[in-house]
Amino acid sequence: MKYWNETFETMPQDQLRELQLVRLKQTVDRVYANVPFYRKKFQEMNVGPESIQSLDDIRRLPFTTKDDLRNNYPYGLLAEPLSQIARVHVSSGTTGKPVCDGYTHNDLSMWAECVARGLAGIGADAHSVIHDAYGYGLFTGGLGIHGGAERMGASIIPMSSGNTQRQIMLMQDFKATVLTCTPSYAEYLGETMRDEGIDTADLQLKAGVLGAEPWSENMRRNIESLLNIKAYDIYGMCEICGPGVAIECPEQDGLHFWEDFFYFEIIDPETGEVLPDGEIGELVITTLTKEGMPLIRYRTRDLTCIIPEPCKCGRTHRRIARLKGRTDDMMVIRGVNVFPSQIEHALLETGYVEPQYQLVVTREGSRDQLEIKVELKEDFNLDSINALEELKAKIEHEVHSIIGIKSKITLVEPKSLERFEGKAKRVKDLRKI
C-alpha cells in the first residue's frame, strides 16, 4: 500500500481525536477573536471558546450556511488580514450570489497535502503524468489538483476544461497516466474516443480522479470500460477547499476524509440533530487548521453517511459513502424525495441505455409528472417496436421499484441529448408552483 504521509494517514483513532480537539479549540479561539460574524453568533447562543472541552461540545456551536457566506461576501468571514491572503477562489454563483474563500500560504500547503495523499493512494507518484481537465481559474478543481500534483513531484498537464479533440490529442502525445475531471466529462471523452476508433489500450492512462458531481456505481463501471482505467471518486468544495477533502483509495469503498484537517458530522437536514455513523444525512464540516477563512459546522447540503468500519487499505481516517445527492437538487415529486443518482442507477441496471439522460418535471393540474429521456445504446435495434416497448416497460418498472412513483419513459437516439464539459445538468423542473 502506498502512502504519501504514513505517519498521519495511519495515525491511531485515539490520537486523531486528541489532535482534533486541540485544533478545534484553536479554530474556535481564532474565529471568536477575529471574525465578528462568529463572535456575534456565539454570544447569541451563550457559547465561547471556553465551551469546548470535548469534541462532543462542537454540537453547542452554531451552523454556518451558504447564505451566511453570501451575506458576508466577499471578505466578511476572513480571520486574517487581506495582506495574509495568498489566493481567493469563488464559486460559480449559479444558484445565487457567489461565495468566496481566502487561503493563506499555510492553507494552500494543507490543501496540496490533502491532494497529494489522495493521488498517492490511487497509485500516482513522481513518475506520473497528470492530465488535469478540471476548470482552472476561480473554480477550485484545476488549481487544487495542480497543487497536489506539484507537491508529490508528478508532471502536471494544466489542460483545463473544454476542447475535447485537443484533450485527446494531448493525452496521447504527453502519455498521460492519470485523468482528472468531472465524471460526466470523463464519460464523454471515453465515448468520443470509442466513436473515433481510438484504442484506449494504446494510451498510458491508468486512473481517473473524478468528482464535483454525484455519480453512480454503474457510471463508474461505464467510465472504466470506456477508458480502460480505474475511476476514483474525489470530494471537495470551494467553501472548505477544493478537491482533496476526501478521496477513495484502491478499495473503492468510500472516501477517506482527512480527520487531522477536518471534523465531519452527519445531521438530519430537517432537525439539525447529529445522526449516528451509518445513517444518511447532510454532511457538516468544520475546518481544523484553516487560517484564511475557517468555517464552523458548515452545512454542505451533500447527502452521505460516515462508514465507521476500518478500511482494508490501512488508513485509519474514516470514510464517507459516495454522495447520494444534495438537499438542494433533491426533487420532491408527488411528495416523494427523488435524486437524479437514484434514477441513473435504475437506468443503467437495464443494460440497454447509455448513461445520458434528462429528467423533466412538469405539473398537470395538481399532479406532478416525471418524464425521463434516455439515450439508447447504438447497437439497440431501433426497428423492433416490440423491443422498444419492452425496454420502456422494463425501465419504468426499475425506476418505480427504486423511487416509488411512475414516470414517462422516452427513449431517444444515441448522442441526441446535450453533453456537458463541466457538471452535467440532468434536471429541468418546469413546474410553476
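Computed from the coordinates by the stated procedures, all read-outs in this text should not be read as laboratory data. Given the structure is predicted, the values throughout are model-derived calculations rather than measurements. All Cβ positions, glycine included, derive from the backbone under ideal geometry; neighbour counts span all protein chains shown.
Using a/c under 1.5 as the rounded threshold, could you call the stretch 1-127 rounded, prolate or oblate? The axes a ≥ b ≥ c are square roots of the C-alpha gyration tensor eigenvalues, and prolate needs a/b larger than b/c, oblate otherwise. Oblate, because a/c is 1.5 or more while a/b does not exceed b/c. Remark: C-alpha extents of the chain on the principal axes read 72, 57, 39 Å, sorted largest to smallest. Counting every Cα pair in the stretch 96-253, what percent are over 25 Å apart? The proportion of pairs with Cα distances above 25 Å equals 24 percent. What's the center-to-center distance, using Cα atoms, between the stretch 268-294 and the stretch 176-206 in Å? About 35 Å separates the Cα centre of the stretch 268-294 from the one of the stretch 176-206.
Taking the Cα centre of the chain as reference, the dipole from Cβ charges on Lys and Arg (+1) and Asp and Glu (-1) amounts to some 1040 debye. So if I take the centroid of the Cα atoms in the stretch 361-408 and the same for the stretch 305-341, what is the distance between those two points in Å? With the stretch 361-408 and the stretch 305-341 each reduced to a Cα centre, they are spaced 26 Å.
Projecting the Cα positions of Pro74, Gly102, Gly137 onto the charge dipole of the stretch 31-149 (unit charges on Cβ atoms of Lys, Arg, Asp and Glu, taken about the Cα centre) puts Pro74 furthest along the positive direction. Overall shape: oblate for the stretch 253-331, with the ratio a/c of the largest to smallest alpha carbon gyration tensor axis at 1.5 or above and b/c at least equal to a/b.
The mean sequence separation of alpha-carbon pairs under 8 Å and at least six residues apart, normalised by the residue count of the chain, gives a relative contact order of 14 percent.
Pairs of Cα atoms nearer than 8 Å and 6+ residues apart set the relative contact order; for the stretch 110-240 it is 23 percent.
Semi-axes of the equivalent ellipsoid of the stretch 363-410 are 24, 12, 9 Å, computed as sqrt(5λ) over the eigenvalues of the C-alpha gyration tensor in descending order.
Cross-link partners of Lys66 among aspartates and glutamates, defined as those whose alpha carbon lies under 13 angstrom from its own and excluding same-chain residues fewer than eight positions apart: Asp101, Glu239, Asp302, Asp328. Shape analysis of the stretch 148-226 places it in the oblate category; the axes a ≥ b ≥ c from the Cα gyration tensor give an a/c of at least 1.5, with a/b not above b/c. Comparing Asp268, Asp329, Asp56 in a Gaussian network model of the chain, where Cα atoms under 10 Å apart are tied by springs, the biggest mean-square fluctuation is seen for Asp56. Near Pro74: Cβ cut-off under 12 Å, other residues only, Lys/Arg at +1 and Asp/Glu at -1. The net charge is +1. Counting Lys and Arg as +1 and Asp and Glu as -1 over every other residue whose Cβ lies under 14 Å from the Cβ of Arg322, the net charge comes to -3. Computed on the Cα trace of the stretch 107-183, the radius of gyration divided by the Kirkwood hydrodynamic radius gives Rg/Rh = 0.95. Of all lysines in the structure, the ones whose alpha carbon falls short of 18 Å from that of Lys230, not counting any fewer than 8 places away in one chain, are Lys2, Lys175, Lys206, Lys312.
Listed by chain and number, the lysines whose C-alpha is less than 29 Å from the C-alpha of Lys394, apart from same-chain residues fewer than 8 away, are Lys324, Lys373, Lys377, Lys406, Lys408, Lys415, Lys423, Lys425, Lys428. In a reduced charge model with +1 at each Lys and Arg Cβ and -1 at each Asp and Glu Cβ, the stretch 50-187 shows a dipole moment near 320 debye about its Cα centre.
For the chain, the membrane-span-like helices by this rule, meaning whole DSSP H stretches whose C-alpha atoms cover at least 30 Å of axis and whose Kyte-Doolittle mean is -1.0 or above, are 13-34; this says nothing about an actual membrane. Comparing Glu291, Glu213, Glu364 in a Gaussian network model of the chain where C-alpha atoms under 10 Å apart are linked, the largest mean-square fluctuation is found at Glu364. The spacing between the stretch 31-95 and the stretch 99-123, judged by their C-alpha centroids, is 20 Å. Between Glu413, Glu282, Glu354, where does the largest GNM mean-square fluctuation fall for the chain, given springs only between Cα atoms within less than 10 Å? Answer for the Gaussian network model of the chain: Glu413. Under the convention that each Lys and Arg Cβ holds +1 and each Asp and Glu Cβ holds -1, the size of the dipole of the stretch 295-345 around its Cα centre is about 240 debye. Take every pair of alpha-carbon atoms less than 8 Å apart whose residues are at least six positions apart; their mean separation over the length of the stretch 43-134 yields a relative contact order of 18 percent.
What the phi angles of the stretch 270-277 give under the Karplus curve with 6.51, -1.76 and 1.60, with θ = phi - 60°, is a coupling list of 8, 9, x, 6, 6, 9, x, 3 Hz, glycine and proline written as x.
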